[in-house]
Amino acid sequence: QVQLVESGGGLVQGGGSLRLSCAASGSIFSINAMGWYRQAPGKQRELVAIITSGGNTNYEDSVKGRFTISRDNAKNMVYLQMNSLKPEDTAVYYCYTNIRRAGVGPSYNYWGQGTQVTVSS
């Protein structure tokens, strides 16, 4: 079993900052990509940011320059620092990981339970 636990969501005024954290635990041999998705009401879930095991990152266009993704491989954690938040960033944010549970065999995608981020205007 693998568990992802997110923290750090909340209510913030426009222009403010929040930092999301996600901890992976359980039967983990190695973690490949880690990232964050979000889903706003009435919209599809979209990729916000992703980071590979080697540290390469990719961001959704609207958050470039405002959000920074990072990871701590020793702690199996991924973070999302969100600055200059806008009302359109309001959504439920989901942690994502791709994990190999054994030395051989496939890797699997796992999702956190989601954390609400609300940005007021």
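The values are calculated or read from the model by the stated rules, or taken from the named source; none is laboratory data. From a predicted model like this one, the values you see are computed outputs, not experimental measurements. Counting neighbours? That spans all protein chains shown, and the Cβs are built from the backbone with ideal geometry, glycine included. Surface areas here come from the heavy atoms of the whole protein model, side chains and all, with no ligands, DNA or RNA. Shrake-Rupley method; radii C 1.70, N 1.55, O 1.52, S 1.80 Å.
Bridgeable aspartates and glutamates around LYS64 (alpha carbons under 19 Å apart, same-chain partners fewer than 8 residues away excluded): GLU46, GLU88, ASP89. Along the axis of the charge dipole computed for the chain (Cβ charges of +1 for Lys and Arg, -1 for Asp and Glu, origin at the Cα centre), the listed residues VAL78, GLY26, THR90 are led at the positive end by GLY26.
Measuring between their Cα centroids, segment 1-31 and segment 35-49 lie 14 Å from each other. When only the Cβ of Lys, Arg, Asp and Glu is charged (+1, +1, -1, -1), the dipole of the chain relative to its Cα centre reaches about 160 debye. With a cut-off of at most 12 other beta carbons within 10 Å, and DSSP calling the residue loop, which trypsin sites (Lys or Arg not before Pro) in segment 20-92 qualify? Please list them. Within segment 20-92, the qualifying trypsin sites (Lys or Arg not before Pro) (loop, at most 12 other Cβ atoms within 10 Å) are LYS43, LYS64, LYS75. Assign one of three labels to segment 1-72, namely rounded, prolate or oblate, based on the Cα gyration tensor with a ≥ b ≥ c the square roots of its eigenvalues; rounded applies when a/c is under 1.5, prolate when it is not and a/b is larger than b/c, and oblate otherwise. Prolate, since a/c reaches 1.5 and a/b exceeds b/c. Converting phi to 3J(HN,Hα) with the Karplus coefficients 6.51, -1.76 and 1.60 and the offset θ = phi - 60°, segment 76-93 yields 6, 10, 10, 10, 9, 8, 10, 10, 6, 5, 10, x, 6, 7, 4, 4, 8, 9 Hz in sequence order, with x at every glycine or proline. Solvent-accessible area per residue in segment 1-119 equals 51 Å², computed with a 1.4 angstrom probe and all protein chains kept.
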